[in-house]
Structures are given as C-alpha cells and as structure tokens.
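These notes concern the structure reproduced below.
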Amino acid sequence: MSAGGNLVSVDFEIFGHVQGVCFRMYTEKEGLRLGLVGWVKNTHGGTVVGQVQGPADQVEEMKVWLSKEGSPTSRITKAKFTNQKAIDTVEMSGFKTRF
C-alpha cells in the first residue's frame, strides 16, 4: 500500500470487558478482513491498545467495529482513538498480537 490510496494511521484503546474474551484474535481477523495492517495488545490496566493503518474508509470501518462490536463475548464501554494522521505508506505488514 502506498500513496494515492488516502492512507491513515490511528492508535486505539478499548475499555470494558475486553480481556480474556479473544478480543485480540478477533481484532486481528477483522483487520485482515478489511485489508489493514496493525497490532493489538492487552495492557496491565485491563484495556486493549493497538494501532491500525490502511485506506481511510477501511480504517473508519475498523473504528466502528472496535467501538461497537469486538469479540462475541466482549463488552465495550469506551473506545478512544488518538493520533489519527495521513501517511504516505503503511509502516508495518500484517496484523499481529503483541505481548
């Protein structure tokens, strides 16, 4: 993915019952389904954080998924998106869980 595709990058933090409910695995699957790259990980504070990069329309779709859907047994109470910016090329490959 490179210039011309209206690429963006955004950081996220998801609050609620989002650990121990396969949230990271489902986030990876949804990101890949949408053709995005990024990463996701659990925090010690009980939230899930990560970054998503790709075409703006798909990133917006992922933001909706992260804030409203998540994994089947998760209960999302808040989704925070920060540092959204236009990028020339994606800065990683694949969608990975970090530890």
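All of (1) surrounded by 19 or more Cβ atoms within 10 Å (Cβ to Cβ); (2) in a helix (DSSP H, G or I) hold for K29 with one exception: (1). Here is the figure for the range 1-14: residues that are modelled with pLDDT of 95 or more and crowded, with 16+ Cβ neighbours inside 10 Å total 7.
Residue count for the range 59-99 under the criterion of being open to solvent by 60 Å² or more (accessible area, probe 1.4 Å) and either assigned to a strand (DSSP E or B) or more than 10 Å from S9 (Cβ to Cβ) (or both): the result is 22. Pick from the range 43-58 the residues that are assigned to a strand (DSSP E or B) and among the β-branched types (V, I, T): which of them is surrounded by the fewest Cβ atoms within 10 Å (Cβ to Cβ)? Across the range 43-58, the extreme among qualifying residues is V49.
The values are calculated or read from the model by the stated rules, or taken from the named source; none is laboratory data. These numbers come from a predicted model, not from an experiment. Virtual Cβ from ideal backbone geometry, glycine too; neighbours counted across all protein chains shown. Side chains are part of the model used for accessible areas, which takes the heavy atoms of the whole protein and leaves out ligands, DNA and RNA. Shrake-Rupley method; radii C 1.70, N 1.55, O 1.52, S 1.80 Å.
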